[in-house]
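**Student:** One structure is given below, represented as structure tokens, and several questions about it will come after.
The values are calculated or read from the model by the stated rules, or taken from the named source; none is laboratory data. Keep in mind it's a predicted model, so treat the numbers as computed, not measured. Neighbour counts run over all protein chains shown; Cβ positions are idealised from the backbone, glycine included.
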Amino acid sequence: MRRVVITGAGTINALGHNVPDTLEAMREGRCGIGELEIRDVDRLSVKIGGQVRGYDEHAHFNRQQIALYDRFTQFALLSASEAISQAGLTFFGELAARSGVVLGTSGGGLSTQDENYRVVYEDGKNRVHPFVVPKLMNNAAASHVSMQWNLKGPSFTVATACASSNHAMGQAFQMIRYGLADVMVTGGSESMLCFGGVKAWEGLRVMSKDACRPFSANRSGMVQGEGAGAFVFEEMGHAKARGAEILAEVIGFAMTSDAADIVMPSKQGAARAIKGAMQDARLPKEKVGYINAHGTGTAANDKTECAAVADAFGPHADSLMLSSTKSMHGHLIGGTGAVELLACIMALREGVIAPTIGYEEHDPECALDVVPNEAREAKVDAVLSNAFAFGGLNAVLALKAA
Amino acid sequence: MTVQEKIVEIIAEQAVLEVGDVSLDQSLDDLGIDSLGLVESIFAIEEEFDIQVPFNANEPENSEFDISSVQAIVTAVEGLVRAQKA
């Protein structure tokens, strides 16, 4: 079986516009969540989010590009550029044909939909911009990445709500492992922080109005974020032959379905995915030192996730670290697993475990080491990244140090 | 229709029961209404009475809005309707 390594990483999110800034913020336990600056925010009851700030699309793209690139596509393109530049790859000939892009998203071009519904329903106009469809479609980001970098192999978009990125990266991993491709650009992107996007989430009554405090007894719900994360996954022999710097190795992946409830998570479904990823990686559970939690900050997730980890690891659950970086960058929904994979890579490469910030009160139902409030230095050899989506679709990745 | 009658009607619809089969001392649990059904009931109540119900699904037991029984919900909504008129 072929081995798969990560040779490039890129991101833009509420903590930073690139990987170094994001990792620095995670090390410092900085919070990127703040007051939303969006149109009609006064009509929302949830007014906070992990928004990408200080971002000017005109600094990165020209007018023609902006006419085609929704914000989620822009975030994907910027992240992919950073990742591919780091990997140092150019795609032509046979390599281009053996390289693809699989990205996750949940809402796709939701801001484009929101703006254009407004135009026809609220403003009463009878005409919309001709590019509305190619701008809002869920695969727009993956397609533009493939076009910009000449990636001509298997390319598509995965939409499994909050697990989209992990499912996407799992697909990319398996494609290289089983010989369908040699290089895959993968990750996810999301930009739902528009009036309609936040209003829809408000309806479920699981959103916090003040902060995201995963695993803390006084948690008050989830907070939405936005942004993207992208990685270059590469066949290990290919990477070594060209002397590429290896950030980490992807060693296992598993996905399960709860087949139970459209919003309530299941301990069994989550635990099966966790165990499945370790089994796929042939990783003894004692070797796992860190888990990047799904950790949304809702009572339903946090209690179920801790119970699933306890179930999957037995006594070892008490000696591993589990943190949720959503407390800092918010929940990027379809892009969240990608940004969170950065915390996994930081743990493996730098021996720094990103904290769960906003942690205030012990919850007996979440009695694991959640790395509260401050990053911690610790050497870990293998890590997991959890994602458990609405709809009961679970996806867990296993990584080890290069 | 009184507030109580309207609420019983909304809850009965969620529980897929006849109005006459809902009694005020029952909890939503007794009536077989799960967390999604609860969120939908609250939405229906807000629409019906044009009020904002303070309820967070993360901490139903700590919400200012008492949902321990049908009677508790009726009392809470009557309070919210009064406050809104005042």
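**Student:** Can residue B:16 be described as within 14 Å of chain A (Cβ to nearest Cβ) and aliphatic (A, V, I, L, M)?
**Tutor:** no
**Student:** Could you check the stretch A:325-357 and list, in sequence order, the residues that are polar (S, T, N, Q) and over 12 Å from the mean Cα position of the chain (by Cα)?
**Tutor:** Filtering the stretch A:325-357 for residues polar (S, T, N, Q) gives A:325, A:327, A:336, A:356.
If the condition is that a residue be polar (S, T, N, Q) and over 12 Å from the mean Cα position of the chain (by Cα), then A:327, A:356 are the ones that fit.
**Student:** Considering only residues that are within 17 Å of residue A:344 (Cβ to Cβ), assigned to a helix (DSSP H, G or I) and in contact with a helix residue (DSSP H, G or I) (Cβ under 8 Å, 6 or more places away or on another chain), which ones fall in the stretch A:254-301?
**Tutor:** A:274, A:278, A:285
**Student:** Could you pull out the residue among A:284, A:265 that is within 14 Å of chain B (Cβ to nearest Cβ) and within 19 Å of residue A:396 (Cβ to Cβ)?
**Tutor:** Sole residue among the options that is within 14 Å of chain B (Cβ to nearest Cβ) and within 19 Å of residue A:396 (Cβ to Cβ): A:265.
**Student:** Filter the stretch A:86-117 for residues that are of a type in the set (Gly, Ala, Ser), within 15 Å of residue A:200 (Cα to Cα) and in a helix (DSSP H, G or I) and give the result.
**Tutor:** Correct list: A:111 only.
**Student:** Ok, one more. So which pairs qualify, if the first residue must be in the stretch A:300-322 and within 14 Å of chain B (Cβ to nearest Cβ) and among the β-branched types (Val, Ile, Thr), the second must be assigned to a strand (DSSP E or B) and surrounded by 19 or more Cβ atoms within 10 Å (Cβ to Cβ), the Cβ gap must be under 9 Å, and the two must be at least 6 apart or on different chains?
**Tutor:** What qualifies is A:304/A:388.
**Student:** Moving on to the next point. Out of A:293, A:343, I need the residue that is touching a Lys or Arg at 6+ places or on another chain (Cβ under 9 Å) and more than 14 Å from every other protein chain (Cβ to nearest Cβ). Which one?
**Tutor:** A:293
**Student:** Out of the stretch A:133-148, which residues are under 18 Å from residue A:184 (Cβ atoms) and small (Gly, Ala, Ser)?
**Tutor:** Answer for the stretch A:133-148, where residues must be under 18 Å from residue A:184 (Cβ atoms) and small (Gly, Ala, Ser): A:141, A:142, A:143, A:146.
**Student:** Sort through A:53, A:39, A:27, A:2 and tell me the only one that's over 15 Å from the mean Cα position of the chain (by Cα), part of a helix (DSSP H, G or I) and of a type in the set (Lys, Arg).
**Tutor:** A:27
**Student:** Being under 16 Å from the mean Cα position of the chain (by Cα) and either over 22 Å from residue A:233 (Cα atoms) or not hydroxyl-bearing (Ser, Thr, Tyr) (or both) is the filter here; which residues of the stretch A:83-105 pass it?
**Tutor:** Initial filter on the stretch A:83-105 (under 16 Å from the mean Cα position of the chain (by Cα)): A:83, A:101-105.
Once the filter is applied, which keeps residues that are under 16 Å from the mean Cα position of the chain (by Cα) and either over 22 Å from residue A:233 (Cα atoms) or not hydroxyl-bearing (Ser, Thr, Tyr) (or both), the stretch A:83-105 yields A:83, A:101, A:102, A:103, A:104.
**Student:** Taking into account only those residues within the stretch B:1-56 that are part of a helix (DSSP H, G or I) and of a type in the set (S, T, N, Q), which is farthest from residue B:82 (Cα to Cα)?
**Tutor:** Here the answer is B:35.
**Student:** Determine whether residue B:22 is more than 9 Å from the chain's Cα centre (by Cα) and within 11 Å of chain A (Cβ to nearest Cβ).
**Tutor:** no
**Student:** If residue B:64 satisfies all but one of (1) within 14 Å of another protein chain (Cβ to nearest Cβ); (2) within 10 Å of the chain's Cα centre (by Cα), what's the number of the condition it fails?
**Tutor:** All conditions pass for residue B:64, except number (2).
**Student:** Would you call residue A:65 in the same structural domain as residue A:174 (by TED's automatic domain parsing) and surrounded by fewer than 22 Cβ atoms within 10 Å (Cβ to Cβ)?
**Tutor:** yes
**Student:** Here's something else I'd like to know. Which ones in the stretch A:124-139 are surrounded by 15 or more Cβ atoms within 10 Å (Cβ to Cβ), free of Cβ contacts under 8 Å to residues at least 60 places away in the same chain and over 10 Å from residue A:108 (Cβ atoms)?
**Tutor:** A:132
**Student:** So which residues in the stretch B:37-61 are at pLDDT 90 or above and more than 13 Å from the chain's Cα centre (by Cα)?
**Tutor:** The one that is at pLDDT 90 or above and more than 13 Å from the chain's Cα centre (by Cα): B:50.
**Student:** Out of all the residues in the stretch A:277-292, is one or more closer than 30 Å to residue B:34 by Cα, touching a residue at least 60 places away in the same chain (Cβ under 8 Å) and small (Gly, Ala, Ser)?
**Tutor:** no
**Student:** Restricting attention to the stretch A:123-142, does a residue exist that is under 18 Å from residue A:339 (Cβ atoms) and of a type outside the set (Asp, Glu)?
**Tutor:** Yes, the stretch A:123-142 has at least one match.
**Student:** For the subset of the stretch A:222-262 comprising residues that are surrounded by fewer than 21 Cβ atoms within 10 Å (Cβ to Cβ) and within 14 Å of chain B (Cβ to nearest Cβ), which member is nearest to residue A:35 (Cα to Cα)?
**Tutor:** Checked the stretch A:222-262; the qualifying residue nearest to residue A:35 (Cα to Cα) is A:262.
**Student:** Now a separate question. Checking residue B:34 against (1) over 12 Å from the mean Cα position of the chain (by Cα); (2) away from every other protein chain (no Cβ under 14 Å), only one condition comes out false. Which one?
**Tutor:** Of (1) over 12 Å from the mean Cα position of the chain (by Cα); (2) away from every other protein chain (no Cβ under 14 Å), only one is false for residue B:34: (2).
**Student:** Kindly indicate whether residue B:48 is in contact (Cβ under 8 Å) with a residue 24 or more places away in the chain, surrounded by 14 or more Cβ atoms within 10 Å (Cβ to Cβ) and closer than 30 Å to residue A:210 by Cα.
**Tutor:** Yes: the conditions hold for residue B:48.
**Student:** Restricted to the stretch A:160-216, and to residues that are within 14 Å of another protein chain (Cβ to nearest Cβ) and among the small types (Gly, Ala, Ser), which residue is nearest to residue A:9 (Cα to Cα)?
**Tutor:** Just the residues of the stretch A:160-216 that are within 14 Å of another protein chain (Cβ to nearest Cβ), to begin with: A:199-216.
Next, only the ones that are among the small types (Gly, Ala, Ser) stay: A:200, A:203, A:208, A:211, A:216.
Details: A:200: 31, A:203: 35, A:208: 30, A:211: 28, A:216: 31 Å.
Here the answer is A:211.
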